[in-house]
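Note sheet for the following structure.
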Amino acid sequence: MSVTDLIPVRMNEGTLEILDQTLLPLEEKFIKIESVEALYDAIKKLKVRGAPAIGVAAGYGVYIAAKDAVSRSARESSAGSASDSIFEIMAEIERDADYLISARPTAVNLKWAVDRVMAALRDAVSRNAVIRNTVIRDAVSRSEKATGDPIDADLPEIALAEAEAIRKEDFDACMGMAEYGLSLLEPGMGLLTHCNAGVLATAGYGTALAPIHLGQERGYDFKVFSDETRPLLQGARLTSWELAKNGVDVTLICDNMASIVMKSGKVDAVLVGCDRMAANGDGANKIGTSAVAILAKEYGIPFYMFVPTSTIDLETETGADIVIEERDPDEIAAMWYEERMAPEGVKTYNPAFDVTDAKYITAVVTEKGIVYPPFKDGLARIKNETEN
Ligand code: MRU
């Protein structure tokens, strides 16, 4: 088995398919996503999850939106209605794009990817290369711009090309983080991770789990502790499954066991992912991450946050400005139990993420290099380098 067999977002003969992660590890099932509403639902319910994978799926979501808007307009005009202008069609795609972004607020990759595909569409439209209202000729997707080859393409094709570019770049970013991450580690180390920042969360080897998969290929023989990650159990259901499938030595622990495992000297480094990193290096990640970071500092264990440049959000100054998603109370009061276990009516609080303050982060590993504190200048340089 290759670890890339687990990549959870793919296009199959023009149809978006995602591995339904709510069914794992009991069932490995790809489901077809044929509408913007179905994708919104899949993102909201964590059928597709993990910041980069959500971004990749949402990029394809704009393609679905463009396809739907163009075919609706064509249908209506062949039925005798007045043709829509390209701007009316774009307005429809913009509405779908905003709807997709609203599915989950914390992971910045969702907005980043949708904005990027929308920018490619707006760019094509603003080049005034519109023929017959809907078909754009001589529009050039970003990747083709570099070669200067003109292409005949319509809005869906432009969106698809940009979404494909995002997917491919994410694969490469994972490989970059795998190499940089591995440079911080020694064979035989004990590692601890929280949530799932692996293949299942990306379009490649993962972020925090990428050096573990690469190390496995290179005989590093890591011993990994996977926090179960209450309440949705990404560590128990996904990380331990993904690592075991790749032959990695993985031990599942409850979240509240991290301290004893660290204190007993079994952990040489903590590796976690990130959903949004603010300009000052504060990083939002799955709920419980900040507690792990504070423990790591107490025990003198390096805490590495793996952050592709697509997850760095320079427009958000500090972690205090990051919107934290709150989810359904049933996830903590009833889900996973045969019968509801919490008393009816008890108050609950279910934040899906927390912010690890920059002061607890030893280093930020990106695909372009490793950033050490103070993070502000290094993050800005690496992000701007990527975008120019
Ligand atoms: O709620 P989820 O499962 O989407 O949360 C995922 C995480 O918190 C991951 O650690 C994060 O997205 C980084 S994934 C490479």
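Quick notes on this one:
- Unmet requirement for M277, which otherwise passes all of (1) crowded, with 19+ Cβ neighbours inside 10 Å; (2) assigned to a helix (DSSP H, G or I); (3) more than 10 Å from the ligand (Cβ to nearest atom): (2)
- When segment 335-388 is filtered for residues that are free of Cβ contacts under 8 Å to residues at least 24 places away in the same chain, assigned to a loop (DSSP other than H, G, I, E, B) and crowded, with 18+ Cβ neighbours inside 10 Å, nothing remains.
- Yes/no for I324 being over 30 Å from A113 (Cα atoms) and either outside the structural domain of P52 (by TED's automatic domain parsing) or assigned to a helix (DSSP H, G or I) (or both): no
- Residue list for segment 255-274, filter: crowded, with 17+ Cβ neighbours inside 10 Å, more than 10 Å from the ligand (Cβ to nearest atom) and of a type in the set (V, I, T): V261, V267, V270
- Test for L160: is it in the same structural domain as D123 (by TED's automatic domain parsing), open to solvent by 10 Å² or more (accessible area, probe 1.4 Å), touching a residue at least 24 places away in the same chain (Cβ under 8 Å) and closer than 27 Å to E28 by Cβ: yes
- Count - residues of segment 160-215 that are assigned to a loop (DSSP other than H, G, I, E, B) and either out of contact with any Pro (no Cβ under 7 Å at 6 or more places or on another chain) or more than 28 Å from I253 (Cα to Cα) (or both): 14
- Checking E17 against (1) in a strand (DSSP E or B); (2) among the acidic types (D, E); (3) more than 18 Å from the chain's Cα centre (by Cα), the condition it does not meet: (3)
- Checking each residue in segment 8-34 for being among the β-branched types (V, I, T), surrounded by 22 or more Cβ atoms within 10 Å (Cβ to Cβ) and within 16 Å of the ligand (Cβ to nearest atom) picks out V9, I18.
- Scanning segment 38-81 for residues that are out of contact with any strand residue (DSSP E or B) (no Cβ under 7 Å at 6 or more places or on another chain), among the basic types (K, R) and within 16 Å of the ligand (Cβ to nearest atom) yields a count of 3.
- For M305: the one exception among (1) away from the ligand (no atom under 13 Å from the Cβ); (2) within 18 Å of the chain's Cα centre (by Cα): (1)
- Answer residue from segment 35-72, given it is in a loop (DSSP other than H, G, I, E, B) and among the basic types (K, R) and is most open to solvent (accessible area, probe 1.4 Å) among those: K45
- Against the list (1) within 16 Å of the ligand (Cβ to nearest atom); (2) open to solvent by 50 Å² or more (accessible area, probe 1.4 Å); (3) in contact (Cβ under 8 Å) with a residue 40 or more places away in the chain, the condition Y99 fails is (1).
- Scanning segment 189-208 finds no residues that are out of contact with any Cys (no Cβ under 8 Å at 6 or more places or on another chain), open to solvent by 40 Å² or more (accessible area, probe 1.4 Å), at pLDDT 95 or above and of a type outside the set (V, I, T).
- First in segment 275-297 and over 21 Å from A53 (Cα atoms), second anywhere and polar (S, T, N, Q) and away from the ligand (no atom under 15 Å from the Cβ), Cβ under 7 Å, 6 or more apart: A279/T316; N280/T318; D282/T318; L295/S259
- For segment 349-388, a residue qualifies if it is under 21 Å from the mean Cα position of the chain (by Cα) and of a type in the set (K, R), and the qualifying residues are K368, K383.
- Annotation: of all residues in segment 224-254 being more than 18 Å from G206 (Cβ to Cβ) and touching a residue at least 40 places away in the same chain (Cβ under 8 Å), the one that is nearest to the ligand (Cβ to nearest atom) is P231.
The values are calculated or read from the model by the stated rules, or taken from the named source; none is laboratory data. These numbers were taken from a predicted model, which means no experiment stands behind them. Neighbour counts run over all protein chains shown; Cβ positions are idealised from the backbone, glycine included. Side chains included, ligands, DNA and RNA excluded: accessible areas come from the protein's heavy atoms. Shrake-Rupley method; radii C 1.70, N 1.55, O 1.52, S 1.80 Å.
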